[in-house]
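Take a look at the structure set out below.
The values are calculated or read from the model by the stated rules, or taken from the named source; none is laboratory data. Remember, predicted model here, so these are calculated numbers, not experimental data. Cβ coordinates were reconstructed from backbone atoms using ideal geometry, including for glycine residues, and neighbour counts include every protein chain displayed. Each accessible area value is taken on the protein alone, full model and side chains, heavy atoms only, with ligands, DNA and RNA left out. Shrake-Rupley method; radii C 1.70, N 1.55, O 1.52, S 1.80 Å.
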Amino acid sequence: MLLLATLFTAQAEVPEGWFLAGSQPANYEADVVDEAYSGRGSARYASLPEAEKGFGTMMQAISAEEFAGKRVRLAAMVKAEDVESWAGLWMRVDGPNGAVLAFDNMQDRPITGTSSWNRYEIVLDVGEEAKGIAFGILIDRAGTVWLDDMEMEVVDDRTPLTGLENARASRPVNPSFERE
């Protein structure tokens, strides 16, 4: 019973509509704080001292219905403190039977160390067959990030993509490793 009460207490601090996940979600905490890029508050997502390996994420998962067949940009203002390994916004487009149709977690352009507020973006195509969109902020190992002014919007095809499209190829790519 004590474990259930502890879990419920930890989840009660998470901003409304969000939940914690990842390989080590119990090693992270989230809350709403007064410090903000704009307005009166932001979400703070931080590692606990136990966060020596794995990652955690504060996330949401929504239906893809409104965005199916469109290019979507997820953007947010993020501030970082003592991010030991890396952090980043992330977004994943899910298709039928759990297929990943598109994905980006900013690992190729990570948030590291300590920085003031910066705008970060992810742009992915949401296929007609898409069923869901999952998104959030992640921290690998230790650090703290603040998240504010997040928006998800449809953009036109001139906006460059940032992530892996069609993450599951239909055929092997360059299986003979030949040079051109």
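Considering each residue of region 134-164, count those that are over 20 Å from TYR28 (Cα atoms) and buried (at least 17 other Cβ atoms within 10 Å of the Cβ), and give that number. Give the steps one after another, and end with the answer.
Restricting attention to region 134-164, the residues satisfying the condition of being over 20 Å from TYR28 (Cα atoms) are 149-164.
Remaining after also requiring buried (at least 17 other Cβ atoms within 10 Å of the Cβ): 150, 152, 162-163.
Number satisfying all stated conditions: 4.
Give just the number: which of (1) surrounded by 15 or more Cβ atoms within 10 Å (Cβ to Cβ); (2) modelled with pLDDT under 95 does LYS131 not satisfy?
Exception for LYS131: condition (2).
Filter region 96-128 down to the residues that are among the β-branched types (Val, Ile, Thr) and either open to solvent by 30 Å² or more (accessible area, probe 1.4 Å) or part of a loop (DSSP other than H, G, I, E, B) (or both), then identify the one that is modelled with the lowest pLDDT. Steps first, please.
At the first step, the residues of region 96-128 found to be among the β-branched types (Val, Ile, Thr) are 100, 111-112, 114, 122-123, 126.
Now narrow it down to the ones that are either open to solvent by 30 Å² or more (accessible area, probe 1.4 Å) or part of a loop (DSSP other than H, G, I, E, B) (or both): 100, 112, 114.
On the way: VAL100: 94, THR112: 98, THR114: 98.
For region 96-128, the residue satisfying everything is VAL100.
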